[in-house]
Amino acid sequence: MKVKIAASVEDCAAWAGSAVVIDVLRSSTTVCALLSAGKKDIVLYGDKNFAAALKRKNPAVEIFSELEFPADVKHKDNSPFTALKSKPSPQAVIVTTAGTPAIMTLKKAKNIFMGGFCNFSALAAHLKKLGGPVLLVPSNIIAHKEHLEDDLCAQSFKRALTGGEPDCAAAIKKIKQSARFKKFLYGGPKTAAQDAEICLAENSLPLIPRIILNGNRGAINACRAEAKQRRAAAHKPRRSEAKTGKKAVILFSGGMDSTVCLYWAQAHGYECHTLTISYGQKHEKEVSVARALAAETAAQTHFIKLSMPWLAGATSLAGGKKIPSHKLMEIGKKLPSTYVPARNLVFVSLAASLADSIGAEAVVLGPNAVDFSGYPDCTPQFYAPLTQALKTGTRLGKNFKLLTPLIKLRKAEIIKLGRALNAPLEKTWSCYNGGKTPCGKCDACKLRAQGFKQAKEK
Ligand code: ZN
């Protein structure tokens, strides 16, 4: 099959075969998300002024765009995470910096599709069936040349279409390690972590958006082939995954200890599933940190929210009570008000349920019984019988492992282990208080600071 990667707008304007516009972060993925949410009527513009005019005429229209609009033109962000939550009606309009202008350049193309990692296999299979020639259009030829994810995805598509190994995993890894991606994740949109999770997961939204140009706009429809493929994918047994390697569920809060656990489990060859639990803690800071951190790894993520209204009166981590500040000497001597009743029992039970459901053989968590606040659910005496109970009371069986690799380590040793594993400790969040910077006064801050001092690390 003849496959070419476009290098310029002129390449696009002259092309008469099939074309795939690739804007990995985020418009390709946002369009797939809109189709996946069942949006019935989606149009695109290359220029935001047309979108604004349409919105003024019909206020019900939902614009998805990262561009700036006049104040009277309300719009949603160009976010697949947001798009997934949209309703089938009203009409959606998408206009973006690079993706949609790139589409408008393809005036002569026979078929126009949008592609990314999210619909990689479905689209590649569809293109093969259609036959060539195919022009792959990394939308960074329009703007932001540094968006290397579009180039890397185009190269993967080219390999897939010309009989090679697409190697998406290697491309995604390279993207995640790039400065451009880190800038997106930490300085980008509010939903960057959630969006990244969807955009950089292979086949997360296996739809095939096909675009019909008409004047200054394009209508977007899902190809029919896709519906069939989707049904087939839904029926494929998920068990086959389990045979490829060992899986582990990591209880992941976004704190330093659980981050070290995640990198530890990956280094031990586990395919990792992180589980992050909101249980009514005062601030959601750690949850957003957990999202951003997990998005940097290859882990599959799970987020759940519990309602435990009784905690408000029982722990200072939830409810109105002030989070105490103790002297380092006093920490661990008396059970502090930050103790959350039976938290780790609840968390391990939920992680075990996830592990049992996905066929994971281990649950990994980061309790520590050395430099700690004296919480009874952080001790080895608690985990030994719990492991036994899970082996007998679930389908996990006798090979199941409840792993607590940090339980006997000093905080300084945990930091050294984290460094050795290349865990991004500087991005983790330990403070019991939310806010922009750690408070430095709560027990978690003090133990962490002492650990770094003892480890002679910054
Ligand atoms: Zn603090």
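The values are calculated or read from the model by the stated rules, or taken from the named source; none is laboratory data. What you are looking at is a predicted structure, and each value in this text was computed from that prediction instead of being measured. Note that each Cβ is placed from the backbone with ideal geometry, even for glycine, and that neighbours are counted across all protein chains shown.
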**Study point:** Subset of the range 380-409 [farther than 21 Å from His268 by Cβ and surrounded by fewer than 18 Cβ atoms within 10 Å (Cβ to Cβ)]
**Key:** Gln381, Pro385, Gln388, Ala389, Thr392, Gly393, Thr394, Arg395
Point to revise | Number of positions in the range 260-276 that are touching a helix residue (DSSP H, G or I) at 6+ places or on another chain (Cβ under 6 Å) and either of a type in the set (A, V, I, L, M, F, W, C) or assigned to a helix (DSSP H, G or I) (or both) | key: 3
Practice item. Say whether the condition of being more than 18 Å from Asp371 (Cα to Cα), in contact with a Cys (Cβ under 9 Å, 6 or more places away or on another chain) and not polar (S, T, N, Q) is met by at least one residue in the range 321-332. Key: yes
Check your understanding: Which of the residues spanning the range 160-194 are more than 25 Å from Leu135 (Cα to Cα), of a type in the set (S, T, N, Q) and surrounded by 12 or more Cβ atoms within 10 Å (Cβ to Cβ)?
Key -> Ser178, Thr191, Gln194
Review point. Does Gly374 meet the test of being within 16 Å of the ligand (Cβ to nearest atom), on the phi > 0 side of the Ramachandran plot and modelled with pLDDT under 95?
Key: no
Check your understanding: What are the residues in the range 433-448 that are over 29 Å from the mean Cα position of the chain (by Cα) and either outside any loop (DSSP other than H, G, I, E, B) or under 9 Å from Ser325 (Cα atoms) (or both), if any?
Key -> Lys441, Cys442, Asp443, Lys446, Leu447
Exercise for review: Just give me the residues in the range 410-446 being within 29 Å of Gly280 (Cβ to Cβ), surrounded by fewer than 20 Cβ atoms within 10 Å (Cβ to Cβ) and more than 9 Å from the ligand (Cβ to nearest atom), in sequence order.
Suggested key: Pro424, Glu426, Lys427, Gly434, Lys436, Thr437
Practice item. Determine which member of the set Leu127, Leu123, Leu67, Leu136 is in contact with a strand residue (DSSP E or B) (Cβ under 6 Å, 6 or more places away or on another chain) and farther than 15 Å from Val24 by Cβ. Key: Leu127
Practice item. Kindly state which helices (runs of 4 or more DSSP H) lie completely within the range 33-141 and contain at least 1 residues that are under 28 Å from Leu152 (Cβ atoms) and not basic (Lys, Arg). Key: 80-84, 99-104, 120-130
